[in-house]
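The values are calculated or read from the model by the stated rules, or taken from the named source; none is laboratory data. This structure is a prediction, so every number in the text was calculated from the model and none was measured. Positions of Cβ are generated from backbone atoms using ideal geometry, with glycine treated the same way; all protein chains shown enter the neighbour counts.
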């Protein structure tokens, strides 16, 4: 079974989610739980760090699509960082870079939230 | 023994002729009596009689042994009877007296044995009952597959086996407790008691427990069920509690240790039997679903074109291999006019049944839009508008819509998040990826502005390859991707061959690559070849 790990930490006022391993239909619910928790806490500024993510399936992409609207409606966002090339290609093919902000470094992404106030 | 009966008979006859033959007569007589005693001790069968039968036996043996005893007494006395028979034949007299002794001793022993067995008769009965009930249940496990029937049998046997007045069975799934079958108690009453005992959730009854309550009184509507003592046994399979078996008594006497064990043993058997029945039920249900899926697969096959359009200058080949029974990939061709051929290759996110439903909707959308709109970009924008309304937030559809002019070989197409088109021209193969986001990802202004249409003038023998991500993302046992380069190379190496052969070559390499690894996504491959000179 492909492994997946998700970890949530706070960097200032921004929540950073570290995803690790394989994000697919089986593991996506774990990530959804984290997002649900963030919604309950009314924490809408999220950076997802893809540093250790090996694979993402369409079900994995669906998780971000499901929550991004709510985040943006509440003056937050979901931003992506540290993405490996093969994972980025999947996002790119679908046109995600037009809809989402991608950053090389987690710091940049977090900082971007700061700029917006 | 019978032989000695005969011997003493003849030895007595001999005395008639010669009184010196006295000693063998006595010897035979004594040996016969010893044998009679031995024979009479073989009464172990008494133990296996039921309590009722033992009582009968007791009475009969008393009467018979008394009768034999009296008869024997008359033989010893110098009564008329004795004299008559003795005069008639001394042998017969001896025989008769032996029979009488036999009867007296035998029935005497039976009487005492039965008497001694009486106190344990009930326990013995119960043991026998338990054994036979357990055997019944074991048979049931293998024979009864109907869950309801099995549950009812279990409660019926429970009352029998542990001498209780009522029994009922509840099943537990997650936190829900459901009454499954009852015996000698109303559903409402059983439900009430169950809720009283389990409802609080304080006690899990992980092992059997006897509850002694002065008055567990449930509703008295039906004369009232008043139990003095209730046994609760968990139905455990793989350490998981699937339900509880209840046995209840009106009477004062508590369930003893033995009965407690029996109920538990019985509950264990029942748990296995019920689990078995459940599994069988599930597998039947699974079979039914599989048949439904077969139907769905047939329907999906009809949604996809059964043949590809043919024309002089344009050769076409198409292939679809779903990862499961049904899939979310879709391709189609639309004859727009004599010269124009529209085509679509689409991939619904996810796979299996959910994506197959959306795929059918996608088919409807493209089928109708292709008749109205002849511009790939506009068509995809319209399709996005329609789909966005019905798609779940986390679903999306990638698609390529193109129109090929069969007269001049001009291909117009737009790509909505789909895997890029491959164009194999001579010895060069290139991936063409005009910008465009997937359908259902964003509403109109964003979607429309992202989308760029492209036009390609095809040259002679150019091959256009459209495919779903099931090909580049196919995995081998090391979880490595098949990738784009492998696909490029296969097409290049086989470019002189017919399109069907190229398609076969791709599938062959793909299955070689991902052997020992199940296909994890649908695979679609649509190829076009432009033959300028025809």
Have a look at B:230, B:216, B:241 and point out the one that is under 24 Å from the mean Cα position of the chain (by Cα) and either at pLDDT below 85 or closer than 24 Å to residue B:133 by Cα (or both). B:241
Would you pick out the residues in the stretch B:417-467 that are out of contact with any strand residue (DSSP E or B) (no Cβ under 9 Å at 6 or more places or on another chain) and assigned to a loop (DSSP other than H, G, I, E, B)? B:426, B:427, B:442, B:443
Applying the selection to the stretch A:64-89, what residues are crowded, with 20+ Cβ neighbours inside 10 Å and either without any contact (Cβ under 8 Å) to a residue 24 or more places away in the chain or over 14 Å from the mean Cα position of the chain (by Cα) (or both)? A:65
For the stretch A:31-58, which residues satisfy the criterion of being away from chain B (no Cβ under 13 Å) and within 15 Å of residue A:21 (Cα to Cα)? A:48, A:49, A:50, A:51, A:52, A:53
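For the structure I just gave you, tell me whether residue B:485 is within 49 Å of the chain's Cα centre (by Cα), within 17 Å of residue B:421 (Cβ to Cβ), assigned to a helix (DSSP H, G or I) and within 14 Å of chain A (Cβ to nearest Cβ). Give the derivation first.
Numbers: within 49 Å of the chain's Cα centre (by Cα): yes; within 17 Å of residue B:421 (Cβ to Cβ): yes; assigned to a helix (DSSP H, G or I): yes; within 14 Å of chain A (Cβ to nearest Cβ): yes.
Spelling it out, residue B:485 is indeed within 49 Å of the chain's Cα centre (by Cα), within 17 Å of residue B:421 (Cβ to Cβ), assigned to a helix (DSSP H, G or I) and within 14 Å of chain A (Cβ to nearest Cβ).
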Please go through the stretch B:149-205 and pick out each residue that is modelled with pLDDT of 80 or more, within 15 Å of residue B:232 (Cα to Cα) and assigned to a loop (DSSP other than H, G, I, E, B). B:164, B:165
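From A:61, A:93, which residue is over 13 Å from the mean Cα position of the chain (by Cα), closer than 22 Å to residue B:447 by Cα and within 14 Å of chain B (Cβ to nearest Cβ)? So that I can check it myself, show each step before the final result.
On the way: A:61 fails: over 13 Å from the mean Cα position of the chain (by Cα).
The match here is A:93.
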Determine whether the stretch B:44-67 contains at least one residue that is modelled with pLDDT under 75 and either under 17 Å from residue B:98 (Cα atoms) or in a loop (DSSP other than H, G, I, E, B) (or both). no
Collect the residues in the stretch A:63-77 that are within 26 Å of residue B:433 (Cα to Cα) and touching a helix residue (DSSP H, G or I) at 6+ places or on another chain (Cβ under 7 Å), keeping them in residue-number order. A:63
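What residue, among those in the stretch A:1-31 that are assigned to a helix (DSSP H, G or I) and surrounded by 16 or more Cβ atoms within 10 Å (Cβ to Cβ), is farthest from the chain's Cα centre (by Cα)? Break it down into steps so the answer makes sense when it comes.
Of the residues in the stretch A:1-31, the ones assigned to a helix (DSSP H, G or I) are A:28-31.
So of that shortlist, the ones also surrounded by 16 or more Cβ atoms within 10 Å (Cβ to Cβ) come out as A:28, A:31.
On the way: A:28: 12, A:31: 9 Å.
Result: A:28.
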Can you name every residue in the stretch B:1-42 that is modelled with pLDDT under 75, crowded, with 17+ Cβ neighbours inside 10 Å and within 24 Å of residue B:61 (Cα to Cα)? B:5
Take the residues in the stretch B:377-412 that are within 14 Å of chain A (Cβ to nearest Cβ) and assigned to a strand (DSSP E or B), then tell me which one is nearest to residue B:528 (Cα to Cα). B:400
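For the stretch B:413-433, give me the residue count where each residue is surrounded by 14 or more Cβ atoms within 10 Å (Cβ to Cβ) and within 11 Å of chain A (Cβ to nearest Cβ). Even if it seems obvious, please write down each step before you answer.
First, the residues of the stretch B:413-433 that are surrounded by 14 or more Cβ atoms within 10 Å (Cβ to Cβ): B:413-425, B:429, B:432-433.
Okay, now just the ones that are also within 11 Å of chain A (Cβ to nearest Cβ), so B:415-420, B:433.
Qualifying residue count for the region: 7.
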Out of the residues in the stretch B:437-474 meeting the condition of being within 27 Å of residue B:503 (Cα to Cα) and facing chain A (nearest Cβ under 9 Å), tell me which one is surrounded by the fewest Cβ atoms within 10 Å (Cβ to Cβ). B:473
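One line per residue, one yes/no per condition, for (1) more than 14 Å from every other protein chain (Cβ to nearest Cβ); (2) at positive phi; (3) touching a helix residue (DSSP H, G or I) at 6+ places or on another chain (Cβ under 6 Å); (4) buried (at least 18 other Cβ atoms within 10 Å of the Cβ):
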{"site": "B:517", "(1), (2), (3), (4)": "no, no, no, no"}
{"site": "B:523", "(1), (2), (3), (4)": "yes, no, no, yes"}
{"site": "B:526", "(1), (2), (3), (4)": "yes, no, no, yes"}
{"site": "B:529", "(1), (2), (3), (4)": "yes, no, yes, yes"}
If you go through the stretch A:64-83 one residue at a time, do you hit one that is part of a strand (DSSP E or B), within 14 Å of chain B (Cβ to nearest Cβ) and modelled with pLDDT of 90 or more? yes
Considering the stretch B:326-359 alone, what residues qualify as being surrounded by fewer than 18 Cβ atoms within 10 Å (Cβ to Cβ), within 29 Å of residue A:66 (Cβ to Cβ) and either more than 14 Å from chain A (Cβ to nearest Cβ) or at pLDDT 90 or above (or both)? B:357
